[in-house]
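One structure is given here, and the rest of the page talks about it.
Nothing in this text is a laboratory measurement; each read-out follows from the coordinates by a stated rule. Since the structure is predicted, the reported quantities are computational estimates derived from the model, not experimental observations. Cβ placement follows ideal geometry from the backbone for every residue including glycine, while neighbour counts extend to all protein chains displayed.
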Amino acid sequence: MYVHQQDWDAAQHVAEEHSPESVPDVLIGQARVAFQKKDYQKAESYLLRADRPDLVVSQYKDAEMWNDALRIIKEYLPHKLDEFQREMAAVGLESMAFIFYNRFLDLSEAIEEGSLDMIDNSDFVDTDIPFEVPLPEQPFMTEDKREEIKEWVLALSMDRQVEQTLPLDDERQTYVASLTSPHTGVTFITLHCKQVRY
């Protein structure tokens, strides 16, 4: 009764006094409401008190808060770390493919129009990918292949929520494949797993 009315103090008190095994259910209910209100820290706290780090990870994944999900997995569910990293890689690759295929379609239209004026470069702000590129007179890809790419992009954008961001290198705060940081101008080259700065 108290849970349905969201009278959490009363629900917690009754659970602790009369049904200690139901305390986690009260905490989970509180967490659900906190997540809906986007009070993620409070929700995390409730779920950890309920001994349900798996639900914290699930909620963070649903909110596309990958770094928070990773933090919880490392601390509370280390046995799931490999699986999560594979999942993150797949999501990251799909997002990159979506962004780059969109760019390809934009450039194809620019080739037809003979101008880059209508291209949106916002996806590439934190990268060293050039905004201005020479346009060829004709596309190099067949129309059939272009249509196939267009259908994939449309299907992905309709079927699922795709995070339209490129993965960032935490240390450099730039796209992972950028050689030069647009923020500092420092060039990074990775040789044999060792970073060299120029």
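Values computed for the structure shown
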{"read-out": "Computed FRET value (nearest 0.05) for GLU113 with LYS145, which takes r as the C-beta separation and R₀ as 25 Å", "value": "0.80"}
{"read-out": "Cβ-based net charge around LEU81, under 15 Å, with every Lys or Arg adding one and every Asp or Glu removing one", "value": "-1"}
{"read-out": "Per DSSP, loop GluC sites (Glu not before Pro) in segment 66-135 with at most 14 further Cβ within 10 Å", "value": "GLU132"}
{"read-out": "Inter-site label distance for GLU163 and VAL186 at 7 Å from Cα along Cβ, in nm", "value": "2.4"}
{"read-out": "13 Å beta-carbon shell around ASP144, net charge (K/R +1, D/E -1)", "value": "-1"}
